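Chemist: Sending over a structure as structure tokens; questions will come in a sec.
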Ligand SMILES: [Ca+2]
Ligand SMILES: [Ca+2]
């Protein structure tokens, strides 16, 4: 009789079971459903955290007003901002050679008094934020080196057509600490704006020498989207929830 009840347990209520048998079976079913629901929720949270962690967008340099590395023996070019060079975990080296960008300022010809840099994110996508590590070169009794870091600038964005519009005018950038054991990356929200190109039109440094401006690293992050795995988990969650609802309705 119990086996009959098992096979029809998800359909109409079997009349031949006595009430305490029915209650026990229902409690087991509800426990199973709650366990499955909790599992689906945990999976969902886990998948969300993975998704957030991998939302960084690979970037390249579309254009830059000048690279000190192009006209001198110093290896300081904009490519070092998007390659991860000098980045260790969430901090950055204090040695600029091969790890940071510095423009020519008035130190080398051609001078660069209108510094700007444009990042290419490969395709138009919704941008959640950018993370900026400022110019972190430091030596004892040389405060002007950290002063070469970007202090203010406009952030502009463009789609495939490279027609820029202002997103954040006169953004302030934190001066770097001159150490390499803290996360000094500054997160700037980009409000989910759809863009392929992001331009920094730099207006001032932090009081450094020779009108230099520089940075250590820049990363971009997309607004997370549900993946196939996430959609599957959401589907499982929906099925479990509707099953629970049906079970409750029948009691
Ligand atoms: Ca770097
Ligand atoms: Ca400018």
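What follows draws every value from the coordinates through simple rules; no lab data is involved. These numbers come from a predicted model, not from an experiment.
Chemist: Would you kindly work out the equivalent ellipsoid of the stretch 157-215 from its C-alpha gyration tensor and give its semi-axes, the square roots of five times the eigenvalues, largest first in whole Å? Walk me through the numbers before you get to the answer.
Modeler: Details: eigenvalues 133, 51, 19 Å².
Equivalent ellipsoid semi-axes, largest first: 26, 16, 10 Å.
Chemist: Ok, one more. Short version: what are the Cα gyration tensor semi-axes of the stretch 55-222, square root of 5 times each eigenvalue, largest first, in whole Å?
Modeler: Equivalent ellipsoid semi-axes, largest first: 24, 18, 14 Å.
Chemist: Right, another one. So for the stretch 55-222, averaging the separation of alpha carbon pairs under 8 Å that are six or more residues apart and normalising by length, what relative contact order in percent results?
Modeler: Details: 481 pairs, mean separation 56.5, N = 168.
Averaging sequence separation for qualifying contacts and normalising by length gives 34 percent for the stretch 55-222.
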